[in-house]
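Report on the structure given below.
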Amino acid sequence: MQNFDFSNPVRIVFGRGVIPELGPAAAKAGRKALLVYGGGSIKKNGVYEALTRALRENGVAFAEHSGVKPNPVLSHVRAGVAKARAEGCDMIIAAGGGSVIDESKAIAAGAKYGGDVWDFFCGKAEVESALPLFTALTIPATGSEMNSGCVVTNEETRQKYSAGGPALFPRVSALDPEATMTLPREQSAYGAVDAIAHIIENYFTTSDADNAVTDELVHAVARSVIASTRRIMKDPKDYNARASMMWSATLALNGLANCGYGGGGFINHAIEHSLSAFYDIPHGAGLAIVIPAWAGKYLERGGRARLENFGRGVFGEATAEGTIKAMEAFFREVGAPVRLGELKIPAADIPKVAANAAATVKLWGMEMQQPEIEEILRAAL
Ligand code: NZQ
Ligand code: ZN
């Protein structure tokens, strides 16, 4: 087990009816919020109503920045930065999924920065400070509610890049499992795939595989995501399944499941981000395609023992081949695509996607080259 330095300052309020807790918390941070949300799901499931009432009752004024799209885009982030400044907002409140929270983080940083917000994503500038951020999460998937990263697509250059830094941790995140009951079935599935992806990336790329506690945490979160999602697919109103899924997805990317691994890489994510940059597909759908293909190559390159370990801990599978099959079978079972062709992504595009992913790989300090990424993508045909 390697040395590590872990801290996570996010206050989580979790459970039925917790969204109004953001009112008093926001009132301590300032006077006027930019309320950021997406295409309107929060107006159908009561989140908008509960949140805005709590803000009014606690004397927090707000301006609205809606229309954040899944895979949020730079132009909309820039518009949000301009609005936050023009309206004199001293905090950001995000109500929605990872896309809304990520765009909110970018706006929170951009509003305190003299240059262009994209500088944070292409490595030109570090996030030194940001407006305080509060979130009401409506889809368990990304972990953005309890981490300090964000992902935005520059739609002109087709670069889907990330930024981060301690200033981007939300102050408070409210997680009400009931808010997730209106999720379309496929979004519940994609969220599950994403949570599994987060929990496995460092597990499989660790520089130290003798770390029983983190391995067992990974196994437990993966098992919980799988079991909860199966229950949700049967009964979308199953509160305890929704609750377990929501907390599992948060735990999958809040830093805990990495402690003691001595670093690792996010290779499936680097490749997927290029797929969603070009084809605007849901992140979880892209991951369900990349992961089985990547795992096959990982096995060829000496990953047998680690895959067996994961298989034993999560699926009761003794072999590496069986583990890969079980992962793919779960993705299929919940309705996620597992081959590029299912999303009509042609083989001819592979070099373009791989070149784009290779740039992300480099930015993230990983080592894989374009030909190897092409091989993985070809295995996903
Ligand atoms: O826009 P609205 O109307 O809210 O609809 C959304 C959207 O269409 C809908 N939705 C969300 N909650 C709902 C709901 N519909 C009904 N009921 C609810 N309760 O779901 C759709 C997808 O939402 P989105 O926010 O895009 O999903 P997700 O949370 O999966 O976020 C994906 C984005 O986060 C990035 C991804 O790359 C992608 O851009 N990621 C962020 C990470 C991070 N910050 O740590 C890590 C991840 O690896 C990931 O890269
Ligand atoms: Zn992800």
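Do the conditions hold for residue 185, that is, is it surrounded by fewer than 24 Cβ atoms within 10 Å (Cβ to Cβ), more than 10 Å from ligand 1 (Cβ to nearest atom) and farther than 23 Å from residue 105 by Cα?
Criteria met by residue 185.
Kindly list the number of the only condition in (1) at pLDDT 95 or above; (2) buried (at least 17 other Cβ atoms within 10 Å of the Cβ); (3) not aromatic (Phe, Trp, Tyr) that fails for residue 16.
(2)
Find the residue count for region 102-115, including only residues that are in contact (Cβ under 8 Å) with a residue 12 or more places away in the chain and open to solvent by 10 Å² or more (accessible area, probe 1.4 Å). Steps first, please.
The initial filter retains those residues of region 102-115 that are in contact (Cβ under 8 Å) with a residue 12 or more places away in the chain, namely 102-113.
Checking the rest, the ones that are also open to solvent by 10 Å² or more (accessible area, probe 1.4 Å) come to 102, 111-113.
Looking only at that region, the number is 4.
Just the residues that are surrounded by fewer than 16 Cβ atoms within 10 Å (Cβ to Cβ), in contact with an Asp or Glu (Cβ under 7 Å, 6 or more places away or on another chain), farther than 30 Å from residue 164 by Cα and free of Cβ contacts under 8 Å to residues at least 24 places away in the same chain, please, taken from region 319-367.
319
For region 1-47, how many residues meet the condition of being charged (D, E, K, R) and over 28 Å from residue 241 (Cα atoms)?
Matching residues across region 1-47 total 4.
Give the residue that is nearest to the chain's Cα centre (by Cα), with candidates limited to residues of region 132-164 that are part of a loop (DSSP other than H, G, I, E, B) and either within 8 Å of ligand 1 (Cβ to nearest atom) or crowded, with 24+ Cβ neighbours inside 10 Å (or both).
Among them, the one singled out is 142.
Looking only at residues in region 30-47 that are open to solvent by 20 Å² or more (accessible area, probe 1.4 Å) and within 22 Å of the chain's Cα centre (by Cα), which one is farthest from residue 237 (Cα to Cα)?
So the residue we want is 39.
Restricting to region 78-131, and then to whatever is part of a helix (DSSP H, G or I) and among the acidic types (Asp, Glu), can you tell me which residue is nearest to residue 35 (Cα to Cα)?
103
Quick check: anything in region 232-248 assigned to a helix (DSSP H, G or I) and within 13 Å of ligand 2 (Cβ to nearest atom)?
Going residue by residue through region 232-248, those that are assigned to a helix (DSSP H, G or I) are 232-234, 239-248.
Adding the requirement that they be within 13 Å of ligand 2 (Cβ to nearest atom) leaves none.
No, region 232-248 contains no residue that is assigned to a helix (DSSP H, G or I) and within 13 Å of ligand 2 (Cβ to nearest atom).
Yes or no: region 111-125 includes at least one residue that is away from ligand 2 (no atom under 16 Å from the Cβ) and among the basic types (Lys, Arg).
Checked against the condition, which is being away from ligand 2 (no atom under 16 Å from the Cβ) and among the basic types (Lys, Arg), region 111-125 yields at least one hit.
So that you can scan it fast, the table gives a plain yes or no per residue for (1) out of contact with any Gly (no Cβ under 9 Å at 6 or more places or on another chain); (2) under 25 Å from residue 338 (Cβ atoms):
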residue: 172; (1), (2): yes, no
residue: 185; (1), (2): no, yes
residue: 198; (1), (2): no, yes
residue: 202; (1), (2): no, yes
residue: 221; (1), (2): yes, yes
residue: 241; (1), (2): yes, yes
residue: 244; (1), (2): yes, yes
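Residues 336, 358: which one is outside any helix (DSSP H, G or I) and in contact with a helix residue (DSSP H, G or I) (Cβ under 8 Å, 6 or more places away or on another chain)?
Result of the check over 336, 358: 336.
Which members of region 366-380 meet the condition of being more than 16 Å from residue 341 (Cβ to Cβ) and among the hydrophobic types (A, V, I, L, M, F, W, C)?
366, 368, 373
Could you please give the count of residues in region 129-151 that are within 14 Å of ligand 2 (Cβ to nearest atom) and over 27 Å from residue 244 (Cβ atoms)?
Quick first cut of region 129-151, residues within 14 Å of ligand 2 (Cβ to nearest atom) only: 139-147, 149-151.
Retained after the next criterion (residues that are over 27 Å from residue 244 (Cβ atoms)): none.
Qualifying residue count, region 129-151: 0.
Could you please give the count of residues in region 240-269 that are at negative phi and open to solvent by 30 Å² or more (accessible area, probe 1.4 Å)?
Number of matching residues: 8.
Could you grab me the full set of residues in region 284-311 that are open to solvent by 20 Å² or more (accessible area, probe 1.4 Å) and aliphatic (A, V, I, L, M)?
Matches in region 284-311: 299, 305.
Would you confirm, using the coordinates I've provided, whether residue 90 is closer than 26 Å to residue 163 by Cα and surrounded by fewer than 19 Cβ atoms within 10 Å (Cβ to Cβ)? Give the derivation first.
On the way: closer than 26 Å to residue 163 by Cα: yes; surrounded by fewer than 19 Cβ atoms within 10 Å (Cβ to Cβ): yes.
Yes; evaluated as a whole, the condition is true for this residue.
The values are calculated or read from the model by the stated rules, or taken from the named source; none is laboratory data. Treat the numbers as computed from the prediction; the structure is a model and nothing was measured. Every residue, glycine among them, receives a Cβ derived from its backbone with ideal geometry; neighbour counts consider all protein chains shown. Areas reflect the complete protein model, heavy atoms only, side chains present, ligands, DNA and RNA absent. Shrake-Rupley method; radii C 1.70, N 1.55, O 1.52, S 1.80 Å.
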